[in-house]
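Student: What follows is a structure written as structure tokens; I'll ask about it next.
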Amino acid sequence: MNSKDIKKGFPPNIPFPRELEQLIDWTNQNGYPISGFFELRAGDKDTMFYWFGFRHVDEKLAQFGAGADGSLYCIWDAGDQSFPVVHLGSEGDGIKVLAANFTDFLRLLAIGYGELGFEDLSKPPEENEPNSKFQEWVKVQFNTNIPTNGSEFIALEENGKCRFANWVDHVCVKYN
């Protein structure tokens, strides 16, 4: 995988994170698995159409990864100059913000969950061994720590959903 392939699927309004380019380089040097079932995967102009059933969100989401079940990992243009990393489950479930930025996404990924979009992030991963080589790279490369669980990344609104899930609900009602 190279960054050109992934960049092609990015709309012009969503910046391509330097950290994503570094993750691509690390993966090219070290191979898979990175962590759990996450893999780098470029989106194309039809990815969001197939997930949503309409094209009104093409400029709001940039896919960079996928899970084993076809779930999408994307960067979302939240409309407020923020670009959180989000998850769209392959069956319309697991819709959530994973991290406020790409460095935090790498920290969450390094914890070692199998399927980030479906795991209980308030608990440590149960089944998968974290990739210690990847964890060390994240710590050193980004001068950060790896938490034992993902509870610091959970952010719900008053209705019990995350901001991204509320946005998905809104656009689905508006355009379907």
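Student: Over the Cα atoms of the stretch 81-176, each weighted equally, I'd like the Debye log10 I(q)/I(0) at q = 0.22 Å⁻¹, rounded to two decimals.
Tutor: -1.15
Student: A further question follows. Among Asn143, Leu121, Phe153, whose Cα lies farthest out toward the positive end of the dipole of the stretch 42-167, if unit charges sit on the beta carbon of Lys, Arg (+1) and Asp, Glu (-1)?
Tutor: Toward the positive end, the furthest listed residue is Asn143.
Student: If you don't mind, another one. At 0.36 nm per residue, and after removing the present C-alpha to C-alpha distance, how many nm does the segment from Ser122 to Asn28 gain when stretched out fully?
Tutor: On the way: separation 94, 0.36 × 94 = 33.84 nm, distance 3.10 nm.
Once the chain is fully extended between Ser122 and Asn28, it gains 30.7 nm.
Student: Something else: Would you work out the charge dipole size for the chain about its Cα centre, treating the Cβ of every Lys and Arg as +1 and the Cβ of every Asp and Glu as -1, and quote it to the nearest 20 debye?
Tutor: Numbers: 16 positive and 26 negative charges, 105 e Å.
Dipole size: approximately 500 debye.
Student: Sticking with this one: Which percent of Cα pairs goes in each bin when the distances of the stretch 35-77 are cut into 5 angstrom slices starting at zero?
Tutor: Each 5 Å bin holds this share of Cα pairs: 6, 25, 32, 23, 11, 4, 1.
Student: Nearest 10 degrees is fine. How inclined is helix 18-30 to the longest principal axis of the chain, computing both from alpha carbons?
Tutor: Relative to the chain, helix 18-30 is tipped by roughly 50 degrees.
Student: What percent of all Cα-Cα pairs in the chain falls in each 5 Å bin, counting up from 0?
Tutor: In whole percents, the pair-distance histogram is 1, 8, 18, 23, 22, 15, 8, 3, 1, 0.
Student: With a point put 7 Å past each Cα toward its Cβ, work out how far Ser132 is from Lys161 in nm, to one decimal.
Tutor: Result: 4.3 nm between the two label points.
Student: Next question. Helix 132-141 versus the longest principal axis of the chain: what is the Cα-based angle in degrees, 0 to 90, to the nearest 10?
Tutor: That works out to roughly 80 degrees.
Student: May I ask for the Kirkwood hydrodynamic radius of the stretch 3-99, worked out over all distinct Cα pairs and given in angstroms to one decimal? Intermediate results must be reported in sequence, preceding the final value.
Tutor: On the way: mean 1/r = 0.0733 Å⁻¹.
Final number for the Kirkwood radius of the stretch 3-99 is 13.7 Å.
Student: Pairing the Cα long axis of helix 163-175 with the longest principal axis of the chain, what angle in degrees results, from 0 to 90 and rounded to the nearest 10?
Tutor: It works out to around 30 degrees.
Student: Here's something else I'd like to know. Using a 7 Å offset from the Cα along the Cα-to-Cβ direction at both Asp5 and Ser151, what is the distance between the two label points in nm, to one decimal?
Tutor: Each label point lies 7 Å from its Cα, and together they span 3.9 nm.
Student: Oh, and also: How much length would be gained if the chain were fully extended between Asp44 and Ala78, taking 0.36 nm per residue of separation minus their Cα-Cα distance, in nm to one decimal? Please list the in-between numbers first.
Tutor: On the way: separation 34, 0.36 × 34 = 12.24 nm, distance 1.99 nm.
Extending this stretch completely gives an extra 10.2 nm.
Student: Here is a follow-up. Would you mind calculating the relative contact order of the chain from Cα pairs under 8 angstrom and at least 6 residues apart, reporting the percent as a whole number?
Tutor: Working: 304 pairs, mean separation 31.9, N = 176.
Averaging sequence separation for qualifying contacts and normalising by length gives 18 percent for the chain.
Read-outs throughout are calculated quantities, based only on the coordinates presented, and are distinct from any laboratory measurement. All figures in this text were calculated on a predicted structure; none of them were measured in a lab. FYI the Cβ positions are ideal-geometry reconstructions off the backbone, even for glycines, and counts take in every protein chain you see.
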